[in-house]
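Presented below is the structure to which this report refers.
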Amino acid sequence: MARRCVKVALAKPKHSFSKEKIEALLPDKRKKNLTIEGRAEYCAKAGDFVDIIANHWAVSPKNKNEKEIVAGVSRQSTFRVKLAECGVDPAIIEAFAKDKELIQDSNKIQKKRTKKRMANPDRIPIHFSLANVQKRIQNMDVSKIPTREDLADVIVMLSIRPSEVTSLQIKHYEPDELLGIDLPNIPAWYKEGYSWYCTGYKKADGRIPCPLLSMEKNPECARELLTWIQDTIKAKKLSDPVFTESGTRSAWPFNEFLKQEPYRTIPKNLRDYGFKHASRVYGGKNPTSQHLKLLLRIAMRQESDRLDAGDNYTIGDTELEDSGPEDEHNSDPKSESTENDEISEIINMYSY
C-alpha cells in the first residue's frame with residue numbers, strides 16, 4: 001500500500017516522473033504469476049530439483065473436485081513436456097514431476113466420463129460429418145491464411161487434442177534413414193512396412209513416435225496442412241486454440257467460435273469426431289468390432305484399450321450411408337491395396 005502511494009505521488013504533475021523512472025526507484029518485488037512454460041524455463045536454468053518439486057506442486061489440483069483433478073493433472077503433464085523441451089533430464093522429470101497416483105485418479109475420472117458420454121452421445125453436427133470434412137480438406141489452399149474453421153478441420157483430420165496443434169510433428173522414417181542406426185538395432189517403436197509416424201502428442205511419452213492414422217489417407221498432405229496451420233500460428237496470423245500470446249492457457253475464444261452455427265460443438269469433441277472418421281475410412285465396408293477397436297486405438301495413439309470402440313464408433317454419426325469423398329479415395333484398386341497392406345502392418349502390432 002505504501003509503495004502504491006509513493007508511486008501515485010511521483011506520477012503527479014508536480015514531480016512528473018516517467019513510468020520507467022518510478023519502476024527504477026521502486027522496483028516491484030512481488031511474485032508474479034508464471035506461465036507453465038515460464039516455470040519450466042526457470043527450473044531448467046536453476047538446475048535444482050527442489051524448484052521442480054515446488055513448481056510441480058504449484059500447478060497441481062487446488063482441491064479434490066473431479067474437474068480440478070483432471071485440470072491439475074493436465075497442467076502437470078504440460079509442465080513435464082515443457083521441462084523436457086528445456087532439456088531437463090527425463091529421469092529427473094520422472095522422479096520429481098510425476099504423481100502416478102494422481103494420474104491414475106484422473107484417468108479413472110476421464111474413463112467414467114467417456115463411458116457416460118458414449119452411453120448418451122451427442123450427434124456429430126452435420127458440418128463435421130465425414131463427407132463434409134473430407135470435402136473441405138480437399139479444397140484447402142495452403143497459399144492463403146487459414147481460418148479457425150480450417151484449424152478445426154485439421155484437428156478433426158488428425159484426431160488430435162487442441163493443445164497438440166503446435167507440438168505435433170509428422171515424420172517419415174525408413175530403416176536406413178533412422179539416424180544411421182544399423183538394421184539389427186532399429187528401435188522397438190518402428191514397425192516394418194509402415195513409415196509414417198507422429199511425435200509431440202500430450203499423453204504417454206510424446207517423444208516416442210506413434211504410427212500415424214489420419215482420415216486424410218495421404219500422409220504428405222496431412223503433414224502439409226498441419227505445418228500450414230502451425231506456421232500461421234507462429235506468425236501470429238491465427239490464434240492458438242488453447243494458449244494466448246502471453247502463454248497463458250485460455251481456450252475461451254476457440255470455444256466461443258465453435259458454439260456458433262453451423263459448428264455447434266466444443267473443442268474436446270473434435271478429436272472424437274476425427275478418430276471415428278479415421279476408423280470408418282480405413283475400416284472397409286464390413287469391418288469387425290475387433291478391427292474397428294484396433295483402428296481407433298491407432299488413431300488415438302493409445303497402447304491400452306480405452307473403450308469399446310467397435311460398439312461405439314458409429315454412434316452419433318450423421319451420414320453413415322452417404323458416399324462422397326470417401327469413395328473417391330478408394331477409386332484406385334492398386335492404391336487401395338497398398339494402403340491396406342500398410343494399415344494391416346499397424347493393426348498387427350496392436351494385436352496382442
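The values are calculated or read from the model by the stated rules, or taken from the named source; none is laboratory data. These numbers were taken from a predicted model, which means no experiment stands behind them. Note that we place each Cβ from the backbone using ideal geometry, even for glycine, and neighbour counts take in every protein chain shown.
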Next on the checklist: Can you tell me which residue is modelled with the lowest pLDDT among those in the range 85-120 that are surrounded by fewer than 17 Cβ atoms within 10 Å (Cβ to Cβ) and more than 22 Å from the chain's Cα centre (by Cα)?
Outcome noted: Asn120
Item to check | Residue ID - modelled with the lowest pLDDT, chosen from residues in the range 147-201 that are touching an Asp or Glu at 6+ places or on another chain (Cβ under 7 Å) and hydroxyl-bearing (Ser, Thr, Tyr) | outcome: Tyr194
Next on the checklist: When the residues of the range 118-165 are narrowed to those that are in contact with a helix residue (DSSP H, G or I) (Cβ under 6 Å, 6 or more places away or on another chain) and of a type in the set (Lys, Arg), which ends up nearest to Asp272 (Cα to Cα)?
Outcome noted: Arg161
Checklist entry - Listed residues Lys82, Lys111; which is within 25 Å of His277 (Cβ to Cβ), part of a helix (DSSP H, G or I), touching a residue at least 12 places away in the same chain (Cβ under 8 Å) and outside the structural domain of Ser279 (by TED's automatic domain parsing)? => result Lys111
Item to check | Residue identified as touching a helix residue (DSSP H, G or I) at 6+ places or on another chain (Cβ under 8 Å) and modelled with pLDDT of 95 or more among Leu213, Leu226 | outcome: Leu226
Item to check | Qualifying helices (runs of 4 or more DSSP H) (wholly inside the range 238-338; at least 1 residues being surrounded by 14 or more Cβ atoms within 10 Å (Cβ to Cβ), at pLDDT 90 or above and in contact with a helix residue (DSSP H, G or I) (Cβ under 9 Å, 6 or more places away or on another chain)) | outcome: 252-259, 267-283
